[in-house]
């Protein structure tokens with residue numbers, strides 16, 4: 001720092017000055033961080049410092065956790081927005097997804113201390129039953145069935161004895177058979193189920209309605225645009241027990257940011273685009289291996 005032609009006796013003195021300046025600068029930055037953090041809390045924002053190293057762990061309960069990608073396997077877009085929002089949240093927290101097989105188990109999901117918050121689809125009755133804090137993300141979807149336009153399926157009850165394609169992440173496995181007497185084919189991801197619909201492997205495909213509405217905007221899906229009415233609409237929401245006010249404020253601030261930036265709409269459109277591309281690649285592009 002001092003150059004090769006600075007006399008060696010001057011180096012100790014300059015080193016002391018540099019250390020003193022660095023210490024003063026460090027104290028100033030620390031003070032600024034505390035002031036900024038306090039101001040954020042007062043404004044209802046997050047107490048998480050905006051530095052690369054200040055990432056708190058977050059055990060996030062979810063009704064479905066996407067399995068880790070296996071090298072060499074096909075990349076697949078998951079069902080719904082919950083997995084994609086969990087990925088975005090990982091930029092602010094060190095998110096560890098935790099499967100909640102029982103779905104809406106109320107406050108009991110926090111009792112063991114393994115879950116800090118949950119990200120779940122809730123209907124109005126479900127949200128009212130929750131104890132603690134519910135933070136809607138602004139994403140709302142139900143389930144919708146799509147078929148070929150020449151189908152004779154006109155009502156949900158017409159699915160009896162018909163083959164219905166589903167994705168694991170939809171949480172619908174067993175429900176279509178139980179409610180309508182349908183024959184279910186459950187696939188790993190939406191693209192696999194929708195591909196089976198296109199090649200005639202099933203009579204209908206049932207998925208997240210918001211994603212399907214975006215998918216049907218593409219011209220190549222016009223032939224499969226027959227649909228059954230949306231049902232079981234629910235809001236995707238964070239659920240917390242309320243004992244961590246800092247986490248509550250931080251998630252509220254995150255949701256406000258997502259909505260301000262139009263992230264939910266962009267992710268929905270991107271998800272539909274990716275799924276359409278995945279189906280296209282499997283159906284139209286020959287396997288060269």
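Cβ-Cβ distance of residue 222 and residue 152, R₀ of 22 Å, FRET efficiency by 1/(1 + (r/R0)^6): the value works out to about 0.70.
Gain on full extension, evaluated as 0.36 nm per residue between residue 273 and residue 90 minus their Cα-Cα distance, stands at 63.6 nm. The distance between label points at residue 123 and residue 285 comes to 4.0 nm (points 7 Å beyond Cα on the Cα→Cβ vector).
Working note: Debye formula, equal point scatterers on the alpha-carbon atoms of the stretch 208-289, no solvent; log10 I(q)/I(0) at q = 0.21 Å⁻¹ is -1.05. Multiplying the residue separation of residue 75 and residue 257 by 0.36 nm and subtracting their alpha-carbon distance yields 62.7 nm.
Given a Förster distance of 45 Å, report the FRET efficiency between residue 173 and residue 246 from their Cβ-Cβ distance, rounded to the nearest 0.05. Rounded to the nearest 0.05, the efficiency is 0.75. Relative to the current alpha-carbon distance between residue 213 and residue 230, full extension at 0.36 nm per residue lengthens the span by 5.1 nm. Diffusion of the stretch 56-284 by Stokes-Einstein, at 37 °C in a medium of 0.692 mPa s and with Rh set to the Kirkwood radius over alpha-carbon pairs, works out to 178 µm²/s.
Readers should treat all values here as calculations from the given coordinates under stated rules, not as data from a laboratory. Please read all numbers here as calculations on a predicted model, not as lab measurements. Note that we place each Cβ from the backbone using ideal geometry, even for glycine, and neighbour counts take in every protein chain shown.
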